[in-house]
Structures are given as structure tokens and as C-alpha cells.
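None of the figures in this text is laboratory data; all of them are computed from the coordinates on show. Note that the structure is a prediction, hence the values are computed from the model and not measured. Quick reminder, even Gly has a Cβ in these numbers, built from the backbone with ideal geometry, and neighbours come from all protein chains shown.
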Amino acid sequence: MASDRSLVVWLLLIALLLLLVINPLARLLWASFEHPDTGAFTLENYVAAYGRWRHVEALINSLIVGLSAAVVCTVFGVPMAWAVSRTDMPAKGLVWAAVLGTFIMPNYLGAVAWILMAGPNAGWLNRLYSGLTGAAAGPFNVYSMTGLVLVIACYSFPYMFVFTRSALDLISSEMEDAASTLGAGALRTTLRVTLPLALPAIMGAFIVEFLEAIALFGSPALIALPARFQVMTTMLWQMFEFPPRVQVAAAYAMPLLFITVFLFWLQYRLIARKGFVALTGKGGERRLLRLGPWRWVLLGYCLLITSLSFFLPMLVILQAAFARAWGRGLSWDNVTLRNLRFVLFDQTATRMATVNTFVYAGAASIIALGLALAIAYIVARRLVPLGRVLTYVAMAPFVIPGIVLAIGFYAAYTTRPLVLYGTAWILILAFATRFLPIAYSNSDAALRSINPELEDAARILGGGRLLALRRIVAPLLRRGLAGAFILVFIPATRELSSAIFLYTTGTQVLSVLLFDKSDEGNFELLSSMGLILVVVTVALVLLGFRLVGRDFLLRRTAT
Amino acid sequence: MSRLVLTDVSRRFGPVTAVDRFRLTLAPGEFVSLLGPSGCGKTTTLRMIAGFLDPSEGTIAMDGRTISSPGSSLPPEKRNMSMIFQSYAIWPNMTVAENVAFGLEVRRRPKGEIRERVGRILEVVQMGHLAERYPQELSGGQQQRVALARAIVVQPTVLLLDEPLSNLDANLREEMRYEIRRLHDEFHITTVYVTHDQAEAMVASDRIAVMNQGRVEQVDAPRALYARPRTRFVAGFIGRTNLLDGEVRGDDVAFDGFTVPRRAFPEPAAIQGRVAFSLRPQSIALHRQPPPPGSRAAVVPGQLVQRAYLGEYWDYTVRPAGSRLALRVTTRPYEVFEVDEKVWLDLDPGQMAALQPE
């Protein structure tokens, strides 16, 4: 079958995959050992990167933030997941919707909201406190390590919720019944049987939360910098202040890359471990635990957390987006459409950024999906030898922090032979690469749902492989791929951590602009830009529900 | 000229040899089944004929032209074959008519001709009234008919069927067996049919190739296969049988507990040393009294140890006196014997098929 004419197409696509994933990583590694001026092999970059206490301190801060955020996520997410999955708590739909809302909010927009809520003096919570107690100033200050940890946890705990919940959903009531018949009460059963069964999933989620937190750029940049401390990602960004010190940044990013790869491997092992029925078999019947009056307490807890992560932040964002001045509070004469009009129509920079955001995200999604589909197809049909390796390559960006990937792209595509820096393509391709794993796991699943005999039938009747793809496979995949498109498009519209390293004048996207404008303190404008992103995302999510079903967004893809 | 010739075709998957030196020749218009248990290599053979797999060794030729050999094979789309798949593989994104028209469109036939031929073939398979339906709206049997129509309408040189009836319920399966044979009688397309169901193979085929562990055990017409199995495997796989191991001693063939004169067999000269025979349960007669001696060559006393009434026949198990054998005997429903009853077994050496030594 190697005589197939389609082979050329496959080889070209594989080359593109290598260009997107392997080349940036190889160039990153190369750059870290390269002398900035002479290009000779050197270890100086590592000395420069880790020879200063400031730099090491940022690394330590990242670890502290990562660990603390993961702990807070566990405290937030696990009880909520348990409540929704195993108990008769009321208003589960509301809690679920609020978690989804939290998930939809970009973390940097959450940071903006928290600045409005807990900024020193002017923040809503502080003003509320002063109003109630008569004190001169409120106690809340978002510009602190605690503030940063809380904000990060608020916007990443949905992972913990989803992981834990899907594990709990698989535990059959028979497991709990077995403990009850031996005389254990509900509390003991939950603590000794139910939660331990979900433990591998919880530990896996803990790792994901940690990695998410240390790779984040938006919230730390908005909160840690004004609070005068640094984490790794902000430090990397400062290394890119003019003139960019790519080699030092590459060296500095290496631990981040290796920690991530190692921990993802660990997480994979945890989840893959057999012997935990909870994660291997579908359980039998499931009954909900009756909590009596305690269910209201639990609901209160869930609503408290989602208020911190979703309801209150959304409220202050809405208020600010439609306010002449957010500090003047809620009154009709403070309401205006000026901010939104300004963002969407009046100001060239924001208008352009809005257009760029959606055009780049669209292009990146199409490229990622097209490539992912082709690679998944090549692997599934064994069109080339060693196809399995391609799976790992396509999934690799999943374990590369966005910021590291961006530095790799910078290192690979600012110099000849392929200069993409300064064009929109570097952003589009970086986004496509970053979200390739989402596209890949979805394409792979969609392809697997199609019986290969459908394709064989077309071929034996005289159609070539490409004809079979066009006439049979593509139409059948359309529906599944619509969902995958949305899943790639949404994160691509809000991507900040890689965009911040790769944009130039004229190729700003909303996330970059939002971050840029945060210096000016014009929170009405920031909120408006954020709101546009949220509204578009919500529209897409609703479309996804219709096309693919209610669970598509928080499905455990890519793990 | 032969339509399809498979010459010593082998296929290995890593260390596993799925098909081992397979030989088969099909005359034009012939219907041959590949019959065997799952994992015997029959589907692999079919997929090599179709061109989805290359042979590791050997060649496949169609009308004198080599189409498959290790390393270079004509792709499936260039073979002018058709195939019916286990899953039917009806494209869910196309209507019945569109499914059937696909092969003709690929062959760039004029629109009018396509419409006319699709209409005619759908009438042949009694699906004309459902031409505009989508596959999801059809029953399993109807999907099967669409698959048949789609495969036949292109007038393929060879038609391949891969366990096409295994997903149907019992009644429908029986009906479709005859349908497939009827279509073959109408169109005379050279056909290779893969199945693990011997009844299917017997109803539809001109010849059956029985496969076991990648090898062809025997190729014969259904009747010859049943009456004259040549190997232990074929004897046991096609219908039920009694396997009798014996040894030539002087003028007799000695079995466990009884002997049969060698001259009673149709070809006494061929019987030498250790021998094995297959004797079908209905080729043994049971008697309550010892039958009068004379023409009968082998009458053996025994005891009835087990019986079952199956409506169309009795299924008895009889132990010959002084033997460890348990012979299965089927009789007509009115020949009733009791368990533990002493009976006489009447064996007909003419119906004992000699098996190849292992």
C-alpha cells in the first residue's frame, strides 16, 4: 500500500507536525546552550539564569504559589464534587452552571475582577467592610501572595471538580453498602471508602492544578508585579523586555519544562494504576446519600465558593463594563454603553485586537484540527511505520507550558530560514500547536467511532483513499469535529501566556491588549474587553451543547 | 482460464502466521466458501484477495494477471471487486440509492445509466420502495440487501463476502442464505464467501475450503465434504461424527472392543497399519435383536448409556461391549430405545471415511 499516491500528503503533514512541535523544542534546548553573540556552546546562560538570588526566589515563589493553589483547589473542588455526585444536595444544576461559568472566565479577567473586589481601599469588599464597621480601611489586599493563590485557585478548581466528580460517578453504591452492612455510618463510609476510591483521581488533579498554577502568566502578572514579587513566568517575561535575552530565558525555562513533563508522567501513572475499581469499571446502581439538614450547609459551601469564583466577579465585571466610573457604584446615571462602543468600534487598537482575536483563533483551530485529524488518521490506519510515535508528538504540547512553547517559537522562528516573527502566523501557529492535543484527542476519538469498513467499502468499489476520506469519512466526522473546533477555539481566543511573547504592533489580540492596558488602571475598558470574550465564549458553549451534548466542555479530554 | 488463483499465499503478523501456504483456484462464476473457526485466517485471506493486505509470501492472480505479491500489490480500488462487510458498511451519510450509486459514480457512468441500473438492482433485492431512506431507518436485513445491491450493481469481477450474515437473527440468516445463492444464480459473479457457519456454506457454495490454523484442510463440494472428510478436523467441523481409531491385524481392522473384516471396506488395499475413520451418527443402525448374519460386515453388541429426544430425531449414545468408546447414533423418532438397554450396533464400512494420518 506504500505505492499510494496519498503518501506524499501524509509525509507533508508529518513534516508540518515536526515543524510545529519538535523544532521549537529543539531550538529552545539549543538556545539554552548557545552563546548569545558567538553562537558557541556554553553553560553561561544557566549561570546567568540561576546565578542570581532574584531568579531563584521567583522559582521558589512559583513552587509556593503552585502548591498552595493546588491545596486550595482541593479544599474547594473535592467537597463540591462529592456533593454533586453522591448526595441529595439541592440546586445541583445551579452549582454545575456556576462551575461551568468559572471555567469559562479567563483567569486574567478573574484577576481583574478580584482587583475590583479586593483592591486595597477602593475594592468592593473593603468598602463593604468599612461601611459595616466604620473602619477607615478594609482588611483585604489582593496584591499579596495570599491574594494571588486565592485568585489562581478560584479559576483552576474546576479541574479538581471535574476529575473528582468523574471518579466518584464511577463508584457503585455497592461499595458503600458493603461498608454499611459492616456497621459503618455514612460519615465513616464516605471518609474510609468513597473518598479513598477517588484518591488517585484527586491526586492526579492536584498535580494538574499545581502545573496549571506555575505555568500561568496572566494572574501573576496582574497581581504579583504590583505586589512587588516575582514568579517564574513573570521573570521570563521580564527577560524578554528589550533587548530580549532568549538564551537566558531558554535556560531559565528548562526546569519548568522538566517539572511539567515529570509530573504529568506521574499523574498519568496515578490514573493508569489498576486495582482501583473506581477508575476501572463502571459501577452498578448508584444511590444518593441522604444528608437531611446538612444538605443546606453543603449547598451554602458550594454557593460561597462559586460566589468567590463566579457570581461576585461576574457582577463587578458587568458593573465596570457598563459604568462611567466603576467606583461610583450602582446607579442609573452611572450606566453607559460607551466602554463597549469604544472597544468594539471607536478605538483602532481595540477594534483591531478584537478582530485579530477571533481571526487568529479561527485559523489556529482549523490548522490544529486539520493537522490533528490527519495525524490521527495516519496513526489509526498505520499508513507509515512507527505511527505511534506521532501520537506522542501530537500530544506533547499538552505537557509544555504555554510560556515555554512561546519561547521555543521565538527561538525557532525569529531567525532564518523561516522568519515568522512579526507576522500573524507566529501567533496562529503557536496557538495551533498549544491546543493541538485537544484537537488530537478529539479527532482520535471521532475517528475511532467510524468503522474502518465504511472506508474499505468505498475503496473496494473503486474509490481511492483520498476520495473515501472526502466522501465518507469527512461527512461522518463533521459533527464530532464541530465540538472539537469549539474546544480549541475557546482557549485560543483567550490565550495570553504564549501571545505575550510573540505579538508585535498590529498583531495584538484582546488578551494581550487587556494585559497592556492594565497599567493604565482603566478597569471599565478592561472589563468591557473581558466581557466580549466571555459573551462570545458563552455563545460558543451553548452551540457546543446543541451540537455535541452537555458534557462536552468539561469532558476529561487530553488526559 | 481460471478467474482467481492463490498460489502458496502466506501472511504473517509479527511472529504469528495467520495464513500458511494457501492454495486455491476459482473458475469463472464459481462460488467458493472459506469455512473455519474464528482465527483460522479466513478473513485475512479475504482481505488479501481484496487488496487491503499484502501477502508475506505467494501471489494472487486474477484472469492471469498477478494482482498481489509481497511488496507490490494492486490497490483495492483498482481490482474491480466488490466486498460485503460484516458490519455491512452502509454509509450513514447517504441514502440507499446514493449508497448503491457510489460505485457507478466512481466509474463515471452517465447519470441516466446510473439511475436506471440502481433502480433495477434495488428491485432485484426488493428494496426499490426504500431507495430514498437513510440507513438508520432500515432493519438489519434491509441493510444487508442494500450492501448486496451496492456490491453487485458494479458487476464486479469477483465478489467477496466477509461473514455477511453474522449480525442477523436466526430466521433472517436462513432467509438470506438462499437470497445470496439466488443472486449468484442470477448474476454468476465469481464469489468468495467467508463464514464460520457450516450451514451457510453448504447452502450457498459450489465448493467449500475448510480452513484450520491458517491452512486449507480440504476443498470439496458440500456433499463430498460431508460424506468423505479427509482429515479429523474436517470430519469434526462439518456436522457431527464418530472418530474411530484402529489398526490392521491380519485380515481384520481392530478397533477398541470390536473388529471389522478388512475386505468389507471399499478400498481394502489402502488400509494399512494404524488407521482412523469418521462414521456419521446416522450411518449406524440400532437393533434390539442381533440382526441375521450375512451381508452385514460389522454387528457389535453394546449398551445404551444416554439418550435425548430432539423432535426430528433421537440422539443416542451407545457403548460397545468391552470398549471405552461412546458412539453417537441418531435414529428416526419412532425408533425408541431405553437407557441401559442392550442393543446391537450395525456399522456400514462403506460409509466409514478413512482420514489422513495425523
Check your understanding: Under 19 Å from the Cα of B:Lys111, which aspartates and glutamates turn up, not counting those fewer than eight places away in the same chain?
Key -> B:Glu98, B:Glu123, B:Glu132
Practice item. Mind jotting down the distance between the C-alpha centroids of the stretch B:1-75 and the stretch A:45-79, whole Å? Key: 62 Å
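Looking only at other chains, what is the average number of their beta-carbon atoms within 10 angstrom of each beta-carbon in B:84-96?
Rounded to a whole number, the mean comes out at 5.
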Study note, to complete from the structure: For peptide B:99-107, the mean count of other chain Cβ atoms within 10 Å per residue Cβ is 4
Review point. Where the only charges are on Cβ atoms (+1 Lys, Arg; -1 Asp, Glu), what is the dipole of chain B about its Cα centre, to the nearest 20 debye?
Key: 620 debye
Practice item. Work from the charge dipole of chain B (Cβ charges, +1 for Lys and Arg, -1 for Asp and Glu, about the Cα centre) and give the residue of B:Gly112, B:Ser73, B:Val300 farthest towards its positive end. Key: B:Ser73
**Study point:** Rg to Rh, two decimals, where chain A supplies the alpha carbon set and Rh follows Kirkwood
**Key:** 0.98
**Study point:** Eligible aspartates and glutamates near B:Lys42 by straight Cα distance, threshold 13 Å, same-chain separation 8 or greater
**Key:** B:Asp20, B:Asp162, B:Glu163, B:Asp197, B:Glu217
**Study point:** Contact order normalised by residue count of the stretch B:240-354, Cα under 8 Å, 6+ apart, percent
**Key:** 31 percent
Check your understanding: Over chain B, what relative contact order in percent results from Cα pairs under 8 Å that are six or more residues apart?
Key -> 15 percent
Exercise for review: Give me a single rounded figure for A:474-483: the average over its residues of other chain Cβ atoms within 10 Å of their Cβ.
Suggested key: 1
**Study point:** Rounded, prolate or oblate (a/c below 1.5 giving rounded, otherwise prolate when a/b exceeds b/c) for chain B by Cα gyration tensor
**Key:** prolate
Review point. With charges only on Cβ, +1 for K and R and -1 for D and E, what is the dipole size of the protein assembly as shown about its Cα centre, in debye, rounded to 20?
Key: 680 debye
Point to revise | All aspartates and glutamates inside 18 Å of B:Lys78 as judged from Cα atoms, apart from same-chain residues fewer than 8 positions distant | key: A:Asp4, A:Glu453, A:Glu455, A:Asp456, B:Asp54, B:Asp63, B:Glu105
Point to revise | Computed over chain A: relative contact order in percent, which uses C-alpha pairs under 8 Å that are six or more apart | key: 20 percent
